[in-house]
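Presented below is the structure to which this report refers.
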Amino acid sequence: MPELSEAARDLIESDALAHVVTINPDGSPQVSLAWVGLEGDEIVFGTLPDQRKLKNLRRDPRITISIEGTRTNEWGLREYLVLTGTAVVTEGGGPELLQRLAYIYIGPGVKFPAMPNPPPGYVTRMRVERISGIGPWGPATR
């Protein structure tokens, strides 16, 4: 498993939305946006309903996530990070993870999901197997 650089970790833990790509049963790509975060070296995202991407991952755990950065490099290209790997979906913990991520994506003091007694939801954990894109995403220097 490649180690995430500090720059990659910073982007993942920012408020940049992630494009999550899974594989539909017919082989076509399924793309959605998600709030993402880190737990150790795993990329995590939460959902409340059992969405298409979760069904796809249970059937075929391959996943790609891309995140657009905020910097433009010396050639005028916007930096972006691409993470490819496999994911595991677990039931429960969705509201708690979404609440933690809401502080980053919406702001301090927010309550999310804004409903009493939300369903247990799901947490998806991605193990990164390949790192690419344009930007300072090379090997970690820790």
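Below, the figures for the structure above:
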{"read-out": "Accessible-area composition of the chain, carbon plus sulfur, in percent [1.4 Å probe]", "value": "54"}
{"read-out": "Two-site label geometry, residue 117 and residue 91: point separation in nm, points 7 Å out along Cα→Cβ", "value": "1.8"}
{"read-out": "Å³ per residue enclosed by the Cα convex hull of the stretch 32-114", "value": "126"}
{"read-out": "Normalised contact order of the chain, rounded percent, pairs of Cα under 8 Å and 6 or more residues apart", "value": "32"}
{"read-out": "Sparse-neighbourhood loop sites, GluC sites (Glu not before Pro) in the stretch 35-142 - DSSP loop, at most 11 other Cβ within 10 angstrom", "value": "74"}
{"read-out": "Residue-normalised accessible area of the stretch 1-135, given per residue in Å² at a 1.4 Å probe", "value": "52"}
{"read-out": "Listed values [x] 14; [y] 26; [z] 21, entry calculated as percent of Cα pairs over 27 Å apart", "value": "[z]"}
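The values are calculated or read from the model by the stated rules, or taken from the named source; none is laboratory data. Computed from a predicted structure; not experimentally measured. Note that we place each Cβ from the backbone using ideal geometry, even for glycine, and neighbour counts take in every protein chain shown. Accessible surface areas use protein heavy atoms only, side chains included; no ligands, DNA or RNA. Shrake-Rupley method; radii C 1.70, N 1.55, O 1.52, S 1.80 Å.
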